[in-house]
Amino acid sequence: MQHTIDTLFNQDKVVKESLSLYKGGSLAFLDEALDGEVTEILSTEITETTTKKAYGDKALKLSTNKGISTEWEAEISTKDMLRFASYNIDLSREHKIPFTTVIITTRKPSVTSYSNPSLTFTPKIINLKERDADKELTDIHKKLQTGEKINELILLYLPLYGSKSGKTTAELLDTAIKLTPRVARDDTEKCNKLQSLMLLLNSTFLSDEELFKIMEANRMVLEDNRAVRVLADMGRRQGLEQAVVNMLRRGRDIQEISEDTGVEISRIIELQSELYAQNA
């Protein structure tokens, strides 16, 4: 069963937070061919003439007086491309610098550009599955031995990389969690932030069983981690809601179910509607 942590803290939010925290490593993570250094995190709030506000994921200003707009998208459609092209134009107008749009995904896109007689928009697409997790792990271990700085963003997103040796996302996440204290140089706060983002980002790609097995295996390392509390609370809530669904199937009264479980009546009614829809 896949759980729904993205309704609480989804990949978009992780991308925004991680690029802000680790902006020094952003260009190397996004693409080594991008020139300059990140000098500023720009606002992505654009107020149009209709007073309607639009937001992209993250905008970075570079020392070369150019900008990068990043987007996370699981599946890229033509409609998405048109939206990203609009963001690109709006950001360029708002900040008065040219922008490159970088789309991060974990699937091979069916659409890579948008064009009409007046406009051609071709963003840079980074498919994390095309990156080599095994190679990156070898590189991280070498840098740990020599004391070289490691790009935290690569460790954060590494569980979503492809693996020629066949390592799964769960196995790579377990490895990344164990490496985090060494990469963070035993800085507890820094380690906690990185592991929180790591768990929240990768949780939607794992089953409940895989995720909680990883958290249990790393219980001592993750004992005070905020993300663990969020995920554990979510797991308890899902278990409680499944119990509610079972009671509804047995014909129990909604008021009684609420009194027995503590789940709000409005939520029980929502679950009942979902149950009816499944059985329709």
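What follows draws every value from the coordinates through simple rules; no lab data is involved. Quick caveat, the model's predicted, so the values are computed rather than measured. Glycine also receives a Cβ, built like all others from the backbone with ideal geometry; neighbour counts cover every protein chain displayed.
Observations on the model:
- Spin-label model, LEU144/GLU40: points 7 Å from Cα along the beta carbon direction are separated by 3.9 nm.
- Packing around the peptides 244-253, 135-144, taken as the average count of other Cβ atoms within 10 Å per residue, puts them in this order, highest first: 135-144, 244-253.
- Extended-chain gain in nm, criterion 0.36 nm per residue less alpha-carbon gap, SER63 and SER207: 47.7 nm
- Put a dot 7 Å past the Cα of GLN278, heading toward its Cβ, do the same for SER77, and the two dots end up 2.5 nm apart.
- Gain upon complete extension [LEU240, LYS178; 0.36 nm per residue less C-alpha separation]: 19.2 nm
- For segment 125-130, 3J(HN,Hα) per residue [Karplus equation, 6.51 cos²θ - 1.76 cosθ + 1.60, θ = phi - 60°, Hz, x = Gly/Pro]: 10, 10, 8, 4, 5, 7
- Burial order of peptide ranges 96-108, 15-27, 180-192 (average beta-carbon count within 10 Å, highest first): 15-27, 96-108, 180-192
- Which listed pairs, of LYS124/LYS149; LYS58/LYS79; LYS79/LYS135; LYS96/LYS190; LYS66/LYS164, have C-alpha distances above 24 Å, in listed order: LYS124/LYS149; LYS79/LYS135; LYS96/LYS190; LYS66/LYS164
- For GLU37, distant residues with modelled amide H under 5 Å away: SER63, THR64
- Compared with the direct C-alpha span, the chain from ASP260 to ARG219 gains 11.6 nm at full extension, assuming 0.36 nm per residue.
- Hypothetical label at SER20: residues of segment 174-216 whose amide nitrogen lies under 15 Å (7 Å Cα-Cβ projection): 193-194, 197
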